[in-house]
Structures are given as structure tokens and as C-alpha cells.
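Right, one structure below, let's go through it.
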Amino acid sequence: MSVLSIDTVSRSAASVATHWTLDPRNVGHTLELSESRTYDAALETLGAYKLTGNFPVDLEIVLKDLRVLDKVTFEIKPKTLLSDTRHVEFRPTDKVQLDRFADIVRSVKNRIGADPTRPWWVRLFQ
């Protein structure tokens, strides 16, 4: 009977240990980013007069300016009609620790994140 209880304890301890290990590929954070703020930030970064307005390219320019392009990967979700916001899921690369990833997500949100307090039509005409 005692062998069974020791075996049960060792299995539960092993399951707790595996529960706390985090795989960076499974960690992600989705942000609502403003297309217009991303475009404006890319214009400012490049010192350009006009860009094509391609959101993935503009986002890469902003991430490169923030010096985090090689530290994160991102996936852009499909856009809804008449919306300025894009849902972008960020994931850390293998060389980024989770606390640094949280700082990166926070800086991206502060730079080009959508303002949820204003209605979409106000953001559209500004």
C-alpha cells in the first residue's frame, strides 16, 4: 500500500513540474492595433511623404524602429469592414524571455495600439 501511495505522489509531482514549464511557442498575446497609427508611425520613422498603406509592411517598419522585429513573430488576423483596428497576435522567438516579451508587447501597444474609448467612426475620420 505504501508503494502505491509513493508512486501516486511521484506522478502528481511530475505533472505539477510539467505544468509550470512554459514553451515560448505557446505563449502569445493578441493586440488591437490601429492601421492609421501604424501608418503614421511608419511615415515618421522613414521620414517619408507617402507610403503604400500596406499594413504588414508598415508594421514591420515600426517593429524594426522599436528594435524588436527579430524578437517577435506576428500573425495578422483578417480585418473587419470599415474598421481601423487589426488584431495581431505576437509570439516571442526562442531567444526572448517572457518578461522581456511583456515589455515588447507593452511598447508596441503604447506606440500603435488602438484606442478603444473612441468609436470606430471617430477614429476613421481622424
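The values are calculated or read from the model by the stated rules, or taken from the named source; none is laboratory data. Predicted model only: the values in this text are computed from it and were never measured. Note that we place each Cβ from the backbone using ideal geometry, even for glycine, and neighbour counts take in every protein chain shown.
Could you tell me which of the residues D103, D94, D65, D115 is over 25 Å from L46 (Cα atoms) and among the charged types (D, E, K, R)? Before the answer, list the steps.
Values: D103 fails: over 25 Å from L46 (Cα atoms); D65 fails: over 25 Å from L46 (Cα atoms); D115 fails: over 25 Å from L46 (Cα atoms).
Of D103, D94, D65, D115, the one residue that is over 25 Å from L46 (Cα atoms) and among the charged types (D, E, K, R) is D94.
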Mind checking whether some residue in the range 2-17 is under 23 Å from the mean Cα position of the chain (by Cα), modelled with pLDDT under 50 and farther than 30 Å from P78 by Cβ?
no
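Does E60 count as assigned to a helix (DSSP H, G or I) and either at pLDDT 90 or above or in contact with a His (Cβ under 9 Å, 6 or more places away or on another chain) (or both)?
Details: assigned to a helix (DSSP H, G or I): yes; either at pLDDT 90 or above or in contact with a His (Cβ under 9 Å, 6 or more places away or on another chain) (or both): yes.
So E60 fits the description; yes.
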